[in-house]
Amino acid sequence: MQKAAIERNNETIAAQLTPVGRETVQDRVYSELRRALIGGLFEPSQVLTIRGLADALVTSTMPVREALGRLITEKALEALPNRSVRVPPITLERIDDLLRARSLIEGEAIALAATRMNPRQIASVEAMLGEWDEMRALKHKKEIDREATLNQSFHFEIYRCCGSAVLIPMIESLWLQSGPCIRVAIYAFSDAGEVDTAHYHRSIVAALARQDAQAAREALVADISRPFAFLRDKLQSAKGQT
């Protein structure tokens, strides 16, 4: 009797709960599109279609549509009237807003990390700098993709040491929105032969090694300000010519 009652109770509970199961296709599609946006693999104003993304991801349109809806809610994408979406265009207001938020939030994260990182963690981010030496003259798309991905890995390796579970998702949201902007700057810096990102990253690592929170914050702000300053100058120049 007792065993039968327990089994009936388990069946009742099972009917009320949703099985956890494995990660859904929608989750995987969302994660991949999110990774691409954070890594700067899409460009500002780039139009994305549900069918095109579904073909690229080798899946049906339904999980793509649902994932895009989530990204639109997160302000990473914009809905268009023809049922397609686009990466938000670059505007002066957007540039200033993103830079201000990133400087404040990421600056605080790296200042916290500077007092917490151990020698092994410092060595880990320092080792990433060696890869930048292979990318002095970027000319091909896959090399741009590699730099964007490596840049993301470098920063988040540091931020994860800040000790704050609240700051990390906030930083991810900011990168989700600014990734496409940074990609444009990477192309421009490559063509112009600008001092590469490794120069700024080495200043960050040196400050972290000294556990100098203020210097780490200042080096980070200098690093992330450079592409935004370039985009601002480019937009202002374009406005002046019209």
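A few points about this structure:
- Surface composition of the stretch 41-90: carbon and sulfur atoms hold 56% of the protein heavy-atom accessible area at a 1.4 Å probe.
- Rounded if a/c under 1.5, otherwise prolate or oblate - the stretch 28-179, Cα gyration tensor axes: prolate
The values are calculated or read from the model by the stated rules, or taken from the named source; none is laboratory data. Since this is a predicted model, take the numbers as computed values, not measurements. Calculation scope for accessible area: heavy atoms of the full protein, side chains included, ligands and nucleic acids excluded. Shrake-Rupley method; radii C 1.70, N 1.55, O 1.52, S 1.80 Å.
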